[in-house]
1. Full extension from residue 188 to residue 256: what is 0.36 nm times the residue separation minus their Cα-Cα distance, to one decimal in nm?
2. With a probe of 1.4 Å, find how much accessible area the chain has per residue, and write the answer as a whole number in Å².
3. Return the single residue from 306, 149, 140 with maximal mean-square fluctuation; model: Gaussian network over the chain, springs between Cα atoms under 10 Å.
4. Can you give the % of DSSP beta bridges in the chain that are antiparallel, to the nearest 5?
5. What does the charge count around residue 176 come to, taking other residues whose C-beta lies under 9 Å from its C-beta (Lys +1, Arg +1, Asp -1, Glu -1)?
6. Helix by helix through the chain, keep the DSSP H runs that span 15 Å or more along the axis on Cα and average at least 0.0 on Kyte-Doolittle, and give those back in order.
7. Report, in debye and to the nearest 20, how large the dipole of region 118-189 comes out about its Cα centre when Lys and Arg carry +1 and Asp and Glu carry -1 on their Cβ.
8. Taking K and R as +1 and D and E as -1, what net charge do the other residues with C-beta under 14 Å from the C-beta of residue 342 add up to?
Amino acid sequence: MSETTIIAMGSAGDGVALAPDGRRHIPRALPGEVLSAEGRLLRESPERVDPPCPHFSLCGACALQHWSGAAQSEWKRGRVEHALRQAGFAEAMVTLGHVSPPATRRRADLSILRAGDGSLTIGFHGAQGVLAIPECRVLRPEIMALLPRLAAALRPLQALRQRADAAINLLDSGPDVLLRLDGKLTPVDIQRLADFARAEGLKRIATREGVAAQIGAVRHGFGRGVVAPPPGAFLQATVEGEAAIIAAVLAALPAKLSRGALIADLFAGLGTLSFPLAERARVLAYEGDPEAVTALDAAARAAGGRVTAGRKDLIRQPLLPLELAKYAVVVLDPPYAGAAEQVAQIARGPKPHLIYVSCNPVALERDARALREAGYVMTSATAIDQFLWSPHIEAVVGFAPPKKERA
């Protein structure tokens with residue numbers, strides 16, 4: 001009888017085994033476990049636990065509920081450490097700074113499916129299609145409580161024919177809903193959504209075509225900045241995770257900044273980091289999304305001018321060495337693919353202190369290698385686990401320039 005031994009955990013949260021034709025990836029298997037040729041578990045890992053959610057076997061949203069929390073957090077921390085060591089920082093040590101608890105995720109991307117009889121299912125994609133989720137151990141209770149009422153409100157809409165999506169952000173002003181429908185809203189649909197928003201106290205319901213119903217101002221605070229986020233705007237996954245990222249970024253700043261020091265916040269989004277950084281120095285915040293820049297600019301002006309917002313597509317048009325020369329610190333918080341183009345420009349010119357916020361260890365390894373080759377020294381590294389029961393991990397890494405270029 002052929003047996004399979006799991007030798008490691010893959011980046012997607014699946015078990016990795018060696019096979020004659022290469023590596024095999026086996027979902028929901030753990031390192032050290034042995035499986036039969038038919039897939040039966042012959043030897044169980046001592047780190048295997050009972051999944052806390054009854055929907056785990058069907059729902060596609062969580063990958064690691066069968067693994068003890070301590071083991072998976074250590075694995076995630078180790079992924080960041082491995083990436084930095086592979087990049088050339090051979091003695092890199094990564095601290096686990098935070099693990100977000102259950103029921104704290106404040107943003108949700110949900111699928112909506114209408115059956116032939118007109119009934120509606122709202123939930124996550126699972127192995128057998130869209131799975132209704134009467135309970136979820138990850139999302140904030142405010143979001144979960146809204147879902148059955150949202151489904152009832154969407155059921156009569158003519159603009160929802162077969163499939164749709166809903167993105168819900170829990171802002172300081174309450175749940176903010178963005179619908180991606182497969183039809184065009186009718187006047188009756190718009191009235192239904194307005195009535196639902198009013199009944200639920202929702203400040204705004206939007207679609208891809210624009211705002212469908214608004215009964216008040218949306219708002220969300222970052223430090224001293226109060227932003228009016230556009231529909232579907234990016235937020236860090238949890239309040240606690242965001243606070244940990246901000247704390248790690250501030251801790252990675254140089255101990256002393258000159259009176260006129262400038263900080264560049266690149267890929268600034270809505271100003272998650274810009275406003276906290278402005279407590280230490282003036283901040284120029286660059287972002288490519290026009291709606292986010294508009295919201296950030298308005299909040300920056302209202303907050304008193306320590307933050308200046310600028311629109312720039314940093315993937316296609318990174319800041320050049322001459323532009324970077326005026327900054328004492330550059331903070332990078334790029335998308336999942338990383339910031340290869342911008343890092344290349346930083347490596348070529350006068351070298352500021354650098355703080356890199358990463359959500360992808362693979363991209364972090366690539367970009368950190370370029371910084372190491374340019375002479376940068378790693379000063380701190382913190383892993384932040386705000387994606388409970390998933391393989392995703394955030395990291396905040398501080399880099400100091402070569403001694404000869406330090407202010």
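1. Taking residue 188 through residue 256 to full extension adds about 18.5 nm, to one decimal.
2. 46 Å²
3. Among 306, 149, 140, the largest GNM mean-square fluctuation belongs to 149.
4. Counting DSSP beta bridges with both partners in the chain, the antiparallel share is about 70 percent.
5. In short, +2.
6. Result, helices passing both filters: 141-154, 239-251, 290-303.
7. 220 debye
8. Taking every other residue near residue 342 into account, the sum is -2.
The values are calculated or read from the model by the stated rules, or taken from the named source; none is laboratory data. Please read all numbers here as calculations on a predicted model, not as lab measurements. Quick reminder, even Gly has a Cβ in these numbers, built from the backbone with ideal geometry, and neighbours come from all protein chains shown. What goes into the accessible areas is simple: the full protein's heavy atoms, side chains included, and nothing from ligands, DNA or RNA. Shrake-Rupley method; radii C 1.70, N 1.55, O 1.52, S 1.80 Å.
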